[in-house]
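No value in this document is a laboratory result; all are computed from the given coordinates. Everything numeric in this text was worked out from a predicted model, so none of it was measured. Using ideal geometry, Cβ is built from the backbone for each residue, glycine included, and neighbour counts are taken over all protein chains shown.
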Amino acid sequence: MDKEQTLTILLVEDEKPNRSAVKRLLRRQGYRFLEADNGQQGLEIVVNESIDLILLVDQVVSTMRRNAGKQLDPDLLNLFFEDMDGVLEIYHQFPE
């Protein structure tokens, strides 16, 4: 993936070990990875950074509504997962 084509992915997840695992997977694939441990922090990142995709895990929904990022940037893609298993399942759908 070229630097011009690098997607920026924001993971909003309250469990640090989960964020660390996803960070390793995504950086290995060449993605720019940002992380937030709660919804408020996630919204601040969306305001201050250019984000292409938000991975939002169920535990943080109470502080970051599913569509909050889209209200700030209509082109932003939000993916909502009930747990980290869903995030990892999607990741494994893509070839290396």
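Sorted by packing (mean other beta-carbon atoms within 10 Å per residue), highest first, where do 35-41, 10-16 land?
On the way: 35-41: 17.9, 10-16: 20.1.
Top of the packing list down: 10-16, 35-41.
Sequence-ordered 3J(HN,Hα) estimates for the stretch 39-46 from the Karplus curve with 6.51, -1.76 and 1.60 and θ = phi - 60° stand at x, 4, 5, x, 5, 4, 5, 4 Hz, glycine and proline given as x.
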